[in-house]
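The values are calculated or read from the model by the stated rules, or taken from the named source; none is laboratory data. The structure presented is a predicted model; accordingly, all values stated were derived computationally and were not measured. Here the Cβ is made from the backbone with ideal geometry for all residues, glycine too, and neighbour counts use every protein chain on show.
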Amino acid sequence: MRISTLSFQNNAVTQMQDLQAAISKTQIQLGTSSRLQSAADDPAAMVQVNRLNVELAASTQYVTNGNSASANLKLEEQGLSDATATLQSARDLAVQANSPTLNATQRQDIATQLTQQLQDLVSIGNQRDSTGNYLFAGTASGTLPFVQSSGSIAYAGASSVNQIQIAANQRISAGDSGATAFMNIPAGNGTFTTANAATNTGTGSIGAGTVTNPAGWVPDTYTISFISPTQYQITNSAGTVVPSGSPPVTPATFTPGDTISFNGVQVEINGTPAATDTFTVAKAGTSSAFNTIQSLITTLSSPNLSPAQLATQIGNALQQIDGAITNMSNVSASVGARLNSITSTQSSSQTTQVSLKTAISDLADTDYAAAVTDLNTQELALKAAQQSYASIAQLSLFNYLK
C-alpha cells in the first residue's frame, strides 16, 4: 500500500493536534480542580452533579431565609420583652392607684405616668426592622401599624404574616401581626366582664370574678339588682330571673364580701350596696393592651367616680393588664419555638450541604495523581510524535539518488 506524502502529513498533524488538545484539557482540569468541563467529559456524572448543585443551592437559600427570619424574630422577641416590662410597670401603678387613701391629685399623677407608658407601648408596637419594615404590621410591612386618634389606638396593619421556607417541607411565620401581639386580647377574665352601674349610690364594688363550671356558663349580659342592702336577684338580657346561690334561690340573701354564684361563674361584691344598685356580668369581648391602659388613665383622671366605682374599674384594669401580659408571654413563647426550629433546621441543612459538596467533589473534582500521570504521558507522546514527524518529514527519494 502506498502512502502519499500529503496523507502522511495530515495524519501526523491530526495526531499532534489531538495530543495537544488532550494536554490542554488535562492542564485545565489541574488548573480548575474540575474534571468536568462539559457534559461530554462524563455525561452521567454531569447529570448527577447538576442535580446535586440544584439541591445545594436550595439548601443554601433555606439557610439564608432562616438567617433573615431569625434576625426579625429576635427583634420581635426583644420588642415583646420591652412591651411586657412596660405593661408590668403599668400594673404596678394600677396597684398603687387602687388605694382609698389616694386623693384625686395623686391619682392624676399616676395617670400622667401611665400616659407616658402608653406612648412607650405604641413606640414598641411601631418598631422597624433593619430594612425599615414595621415589625408588627404583618404582610403590610410598609404601613404604620398602630395609629393613635381621639384617645384610642387602632391597628392599621395586616392580620396575616409572611411565611418563609426554611427547609424543603417546612415554612414558618417570620413574625407576628400587631393584632396577635397587642390587639384582640379577651376582655375581663377572658370569659366575662363586670361593672358597677354609674348610678349606684352604695359602697359596693364588684370583682373580676372567676369561672367555676365552664359547662354551666351561658354567655349573656346579666344584671345583679339589689332589692335592699341584704337581698338581690339576677336577671338575664331577656329579663328572666336567674337563681343564685347553693341551693339556688331568688331573691338571694347578701352579706358584704359574699361570693355570688350563678350559671357556672362567681363574683365577689365588697362593701355595702344600696337598694336599687345594680352590677353587670357580661360576655367578654376583646380589647387591646393600648385601650386597657387608656381606660385606666380615663378612670384615674375622672374626679367624680365613687370609691366603689374606682375599685371596680381599677380591678378590671388589673385583670385586663394581666391578660395582656399573658398574651405577650404566649406570643413570645411561640417566637422562641420558631427560633429553636430555625436553629435545628439550619444545623441539619449545614450537615446536608457538607454531604452534597462531598458527593459533588467525588464526581467532579480532578484526581491530581492520575491527572499528573496522564499529563506526563501525553507530553511524552506529543514529544515522540513531533520527533517522529520531524525525522520522517526529512525523508525524500532524492536522498537516495547519486
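Filter the stretch 206-229 down to the residues that are surrounded by fewer than 16 Cβ atoms within 10 Å (Cβ to Cβ) and farther than 24 Å from Gly190 by Cα and list them by number.
Passing the criteria: Ile227, Ser228.
If you check Asn291 against the conditions, is it modelled with pLDDT of 90 or more, crowded, with 16+ Cβ neighbours inside 10 Å and not assigned by TED's automatic domain parsing to the domain that holds Asn200?
yes
Would you tally the residues in the stretch 224-257 being within 48 Å of the chain's Cα centre (by Cα) and of a type in the set (A, V, I, L, M)?
Residues that pass the stated criteria total 5.
Test of understanding: among Thr352, Thr373, Thr343, which residue is of a type in the set (S, T, N, Q) and modelled with pLDDT of 90 or more?
On the way: Thr352 fails: modelled with pLDDT of 90 or more; Thr373 fails: modelled with pLDDT of 90 or more.
The conditions single out Thr343.
Given the options Gly257, Gly285, name the one that is exposed (fewer than 14 other Cβ atoms within 10 Å of the Cβ) and within 30 Å of Ser150 (Cα to Cα).
Of Gly257, Gly285, the one residue that is exposed (fewer than 14 other Cβ atoms within 10 Å of the Cβ) and within 30 Å of Ser150 (Cα to Cα) is Gly285.
At least 2 residues that are more than 30 Å from Leu118 (Cβ to Cβ) in each: list the strands (runs of 3 or more DSSP E) lying fully within the stretch 213-291 that qualify.
Details: elements: 221-228, 231-235, 259-262, 265-270, 278-283.
Hits in the stretch 213-291: 221-228, 231-235, 259-262, 265-270.
Could you tell me which residue of the stretch 199-220 is nearest to the chain's Cα centre (by Cα), considering only residues that are within 14 Å of Gly264 (Cα to Cα) and hydroxyl-bearing (Ser, Thr, Tyr)?
Thr210
Mind listing whichever residues of the stretch 165-198 are buried (at least 21 other Cβ atoms within 10 Å of the Cβ), assigned to a strand (DSSP E or B) and under 19 Å from the mean Cα position of the chain (by Cα)?
Once the filter is applied, which keeps residues that are buried (at least 21 other Cβ atoms within 10 Å of the Cβ), assigned to a strand (DSSP E or B) and under 19 Å from the mean Cα position of the chain (by Cα), the stretch 165-198 yields Ile166, Ala167, Ile172, Ile185.
I'd like to know if the stretch 4-12 contains one or more residues that are in a helix (DSSP H, G or I) and modelled with pLDDT of 70 or more.
Looking through the stretch 4-12, at least one residue is in a helix (DSSP H, G or I) and modelled with pLDDT of 70 or more.
Give me the residue from the stretch 137-157 that is in contact with a Pro (Cβ under 9 Å, 6 or more places away or on another chain) and in a loop (DSSP other than H, G, I, E, B) and, out of that set, farthest from Asp120 (Cα to Cα).
The initial filter retains those residues of the stretch 137-157 that are in contact with a Pro (Cβ under 9 Å, 6 or more places away or on another chain), namely 137-138, 155-157.
Those still in the list that are in a loop (DSSP other than H, G, I, E, B) too: 137-138, 156-157.
Numbers: Ala137: 17, Gly138: 20, Ala156: 18, Gly157: 19 Å.
The selected residue is Gly138.
Please determine, by comparing only the residues of the stretch 260-282 that are among the small types (Gly, Ala, Ser) and within 21 Å of Ser237 (Cβ to Cβ), which one is surrounded by the fewest Cβ atoms within 10 Å (Cβ to Cβ).
Initial filter on the stretch 260-282 (among the small types (Gly, Ala, Ser)): 261, 264, 271, 274-275, 282.
Then keep just the ones that are within 21 Å of Ser237 (Cβ to Cβ); that gives 261, 264, 282.
On the way: Ser261: 18, Gly264: 14, Ala282: 17.
Among those that are among the small types (Gly, Ala, Ser) and within 21 Å of Ser237 (Cβ to Cβ), it is Gly264.
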